[in-house]
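The values are calculated or read from the model by the stated rules, or taken from the named source; none is laboratory data. All of these numbers come straight from a predicted model, not from anything done at the bench. Cβ placement follows ideal geometry from the backbone for every residue including glycine, while neighbour counts extend to all protein chains displayed. Remember, those area values only see protein heavy atoms, side chains included, never the ligands or the DNA or RNA. Shrake-Rupley method; radii C 1.70, N 1.55, O 1.52, S 1.80 Å.
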Amino acid sequence: MDELSARAATLVARHPHRARLRRVGTSRADTPMWLLSVGRGSRHTLIVAGPHANEPVGGATVLRLAERALADPRLSDAADTTWNLLLSLDPDGSRRNEGWLSGPYTLGHYFRNFFRPGFLEQPEWLPDGAAGAVLPETRALLDLQDELRPFFQCSLHGVDVGGGFVELTRELPGIAQRVAHTAARLGIPRELSPYDTLYWPRLGPAVYRIPPPRRGDLAAAITEAAVESTWFHPHRYGTVTAVVEAPMWGVTAVEDASPSPDADAVLRTVSRALRRDTRLLEGILARVRPSAGAGPDAARLLAPVDDYLLVGPGLADSWDPDVHDGAARPLPPLDTSRLTTLAISGRRVALRTAGLLHQLVTRAGHDPAGALPELDRLIDAWCADYRDGYGARWIPVARQAEYQARVVLAAFELAAGRPRPEPAPPSPCPDDRADSHSGEPPWSSEPAVPMHRE
């Protein structure tokens with residue numbers, strides 16, 4: 001986080017007449033929230049990095065976007081646009097992920113250092129509406145939206161394992177083709193059936209329409225937009241919001257639209273595994289909770305653990321063809337991509353829970369329940385399933401950020417009504433080589449610099 005703000009300050013020092021950095025809020029831990037603005041146009045964009053603490057690529061992306069807006073007047077002056085780039089919406093949570101940001105970029109290292117706050121502490125969500133928002137990070141974003149009234153807002157997210165996709169509050173005709181072009185050029189798999197968008201309208205391959213918010217339970221909060229969010233708050237100003245997801249570990253099967261020979265068998269396997277894993281992790285939690293401590297650090301780790309263990313059985317039931325619930329919405333048609341995504345999602349719930357429990361025990365400084373060896377075994381086995389069973393491979397940071405930046409620019413141009421010609425074929429990213437930090441087969445031919453420097 002410190003390096004990100006320092007690099008933004010350096011950029012402003014190089015371009016004092018066109019770039020500015022101002023503090024727009026303070027986190028719960030008194031961390032400054034910085035907004036980098038480029039240009040002085042009357043129309044505003046708002047690009048939000050770091051809405052989820054474990055998705056750091058947005059920090060690299062906003063710096064790339066700032067550099068490009070400074071270098072290309074068609075993006076700012078000629079478009080009468082000011083680019084407003086929030087360096088991190090959750091700086092406290094992002095700092096808690098710094099244990100894995102400098103590598104090695106392996107799945108085991110990532111999940112053992114994974115952190116995302118509990119659902120009610122994630123600053124993009126408005127479970128009690130905008131008027132009831134209490135998190136200072138959320139209030140800072142809402143105030144920015146009301147001040148800027150952006151015509152285009154973008155939330156920069158990352159998929160830990162899977163592929164890239166885009167979610168929109170308003171349709172942008174042509175965006176699916178631009179995403180496909182960029183993904184093909186950069187070797188990024190597109191996730192054709194993301195779990196997040198299970199019941200959302202499809203606008204094109206890997207592009208989805210976010211439905212208006214409606215009330216629901218916690219398990220439905222992602223897949224059915226059950227609560228209000230900051231994505232929709234500026235809708236009243238005519239804002240189009242794009243949520244751009246870039247993968248860290250890519251899986252090619254998430255873009256395989258071929259039919260599955262036995263979808264029900266896959267669903268049974270996935271749902272039973274999630275129930276089994278949930279019961280196993282509930283047992284470990286019961287053993288470690290008494291010795292985990294009662295301080296704020298333990299509470300921050302326990303909140304998301306409780307959330308994941310709460311939603312796991314419900315997700316398993318919603319996928320299991322042998323569980324008959326007349327009130328449940330039937331699953332959409334199931335092809336290989338969707339089945340792969342559901343399997344990855346079920347494993348993600350278990351791995352995140354195990355990683356958080358691992359940190360809970362480690363930070364307590366003692367393990368009277370003897371849970372660490374069991375958690376290490378589970379994390380290693382489940383990561384091996386991602387790596388060997390699904391072919392999950394690390395995508396160098398430079399490539400993640402370049403993909404995300406290009407998709408943002410494509411969405412901006414379509415939202416602004418000023419599309420430019422397709423870019424020329426990209427030259428190789430200078431830092432996009434076989435990543436020596438990952439220990440896994442590369443997606444490209446050049447190594448990535450450590451993520452905290454990208």
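Can you tell me the 0 to 90 degree angle between the C-alpha axis of helix 175-186 and the longest principal axis of the chain, rounded to 10?
The two axes meet at around 80 degrees.
Residue by residue, what Karplus-based ³J(HN,Hα) values in Hz, rounded to whole numbers, does segment 293-309 have, using 6.51, -1.76 and 1.60 with θ = phi - 60° and x for Gly and Pro?
x, 10, x, x, 5, 4, 5, 5, 7, 6, 4, x, 4, 4, 4, 5, 5
Quantify, in whole percent, the carbon and sulfur part of the accessible surface of the chain (1.4 Å probe; protein heavy atoms only).
Values: 9230 of 17110 Å².
Answer for the chain: carbon and sulfur cover 54 percent of the accessible area.
Under the rule of at least 5 residues apart or a separate chain, name every residue whose amide H is placed under 5 Å from the amide H of residue 164.
Correct list: 190, 191.
As a test of understanding, state the convex hull volume per residue of segment 264-337 from its alpha carbons, in Å³. Numbers along the way, then the final one.
Details: hull volume 8.5 nm³, N = 74.
Measuring per residue, one finds 115 Å³ for the Cα hull of segment 264-337.
Could you work out [θ]222 nm for the chain from helices alone, using -39500 (n - 2.57) per DSSP H run of at least four and dividing by all its residues? Round to the nearest 500 deg cm²/dmol.
On the way: 12 runs with 182 residues, N = 454.
Counting only the DSSP helices, I get -13000 deg cm²/dmol.
Quote the relative contact order of the chain in percent (integer), defining contacts as alpha-carbon pairs under 8 Å separated by 6+ residues. It would help to have the intermediate numbers written out before the result.
Values: 894 pairs, mean separation 84.7, N = 454.
About 19 percent, as a whole number.
So what J values fall out for segment 241-251 if you push phi through Karplus, 6.51 cos²θ - 1.76 cosθ + 1.60 with θ = phi - 60°, rounded to Hz, Gly and Pro as x?
Karplus-based 3J(HN,Hα) across segment 241-251 equals 9, 10, 9, 10, 9, 10, x, 8, 10, x, 10 Hz.
Counting Lys +1, Arg +1, Asp -1, Glu -1, what net charge surrounds residue 256 among other residues with beta carbon under 12 Å of its beta carbon?
Working: positive: 190, 338; negative: 191, 255, 335.
Within the 12 Å Cβ shell, the charges total -1.
Roughly what would the spin-label model give for residue 147 and residue 297, points 7 Å off Cα along C-beta, in nm?
Placing both labels 7 Å beyond Cα along the Cβ direction yields 3.4 nm.
In whole Hz, with x marking every Gly and Pro, tabulate ³J(HN,Hα) for segment 228-238 from phi via Karplus 6.51 cos²θ - 1.76 cosθ + 1.60, θ = phi - 60°.
My calculation for segment 228-238 gives 5, 8, 6, 5, 9, 3, x, 4, 5, 8, x Hz in order.
I want the antiparallel fraction of DSSP beta bridges within the chain, as a percent rounded to 5. Walk me through the numbers before you get to the answer.
Details: 22 of 46 bridges.
Roughly 50 percent of the DSSP beta bridges within the chain come out antiparallel.
Please report the projected area of the chain's Cα convex hull averaged over all directions, in nm².
Values: hull surface 81.9 nm².
Seen from a random direction, the Cα hull of the chain projects 20.5 nm² on average.
Among 359, 321, 197, which residue has its Cα positioned farthest towards the positive end of the charge dipole of the chain, with +1 placed on the Cβ of Lys and Arg, -1 on the Cβ of Asp and Glu, and the dipole taken about the Cα centre?
Most positive-ward Cα: 197.
With +1 on the Cβ of every Lys and Arg and -1 on the Cβ of every Asp and Glu, and nothing else charged, how large is the dipole of segment 78-157 about its Cα centre, in debye rounded to the nearest 20? Don't skip to the end; give the middle numbers.
Values: 6 positive and 11 negative charges, 81 e Å.
Taking the Cα centre of segment 78-157 as origin, the dipole is about 380 debye.
Charges on Cβ only, +1 for Lys and Arg, -1 for Asp and Glu, centred on the Cα centroid of segment 85-152; of 94, 134, 104, which one is farthest towards the dipole's positive end?
Going by the Cα projections, it comes out as 104.
For residue 193, tell me the accessible area in Å² from a 1.4 Å probe, rounded to the nearest 10.
Accessible area of residue 193: about 10 Å².
Which residues in segment 113-136 have a backbone N closer than 13 Å to a point placed 7 Å from the Cα of residue 26 along the Cα-to-Cβ line?
Counting backbone N atoms under 13 Å from the label point, the list is 136.
Using only Cα atoms and rounding to the nearest 10 degrees, what angle (0 to 90) does helix 397-416 make with the longest principal axis of the chain?
60 degrees
For residue 153, enumerate residues with amide H under 5 Å from its amide H, sequence gap 5+ or separate chain, H modeled in the peptide plane.
Amide H neighbours of residue 153, under 5 Å, 5+ apart: 46, 240, 241, 242.
Based on the alpha-carbon gyration tensor of segment 93-181 and its eigenvalue square roots a ≥ b ≥ c, which shape applies: rounded if a/c is under 1.5, prolate if not and a/b is larger than b/c, or oblate?
oblate
Hey, what's the per residue convex hull volume over the C-alpha atoms of segment 161-307, in cubic angstrom? Please list the in-between numbers first.
Details: hull volume 23.6 nm³, N = 147.
Dividing the Cα hull volume of segment 161-307 by its residue count gives 161 Å³.
What's the extension gain from residue 279 to residue 177 if we count 0.36 nm per residue and subtract their Cα-Cα distance?
In short, 32.4 nm is gained.
Relative to the longest principal Cα axis of the chain, at what angle does helix 371-384 sit, 0 to 90 degrees, rounded to 10?
That works out to roughly 60 degrees.
Mind running the shape call on segment 29-115? Use the C-alpha gyration tensor, a ≥ b ≥ c as the square roots of the eigenvalues: rounded below 1.5 for a/c, prolate if a/b tops b/c, oblate otherwise. Could the numbers behind the result be given before it?
Numbers: a/c = 3.81, a/b = 2.18, b/c = 1.75.
Here segment 29-115 falls in the prolate category.
What residues qualify as long-range amide H neighbours of residue 82, i.e. H under 5 Å apart, gap of 5 or more or another chain, H built at 1.01 Å from N?
41, 43, 44, 45
Treating only the Cβ of Lys, Arg, Asp and Glu as charged (+1, +1, -1, -1), what charge dipole size does the chain show about its Cα centre? Round to the nearest 20 debye. Numbers along the way, then the final one.
Numbers: 50 positive and 56 negative charges, 203 e Å.
My answer is approximately 980 debye.
Compare 208, 199 by solvent-accessible area with a 1.4 Å probe and give them largest first, with all protein chains kept in place.
Ranked list, largest accessible area first: 199, 208.
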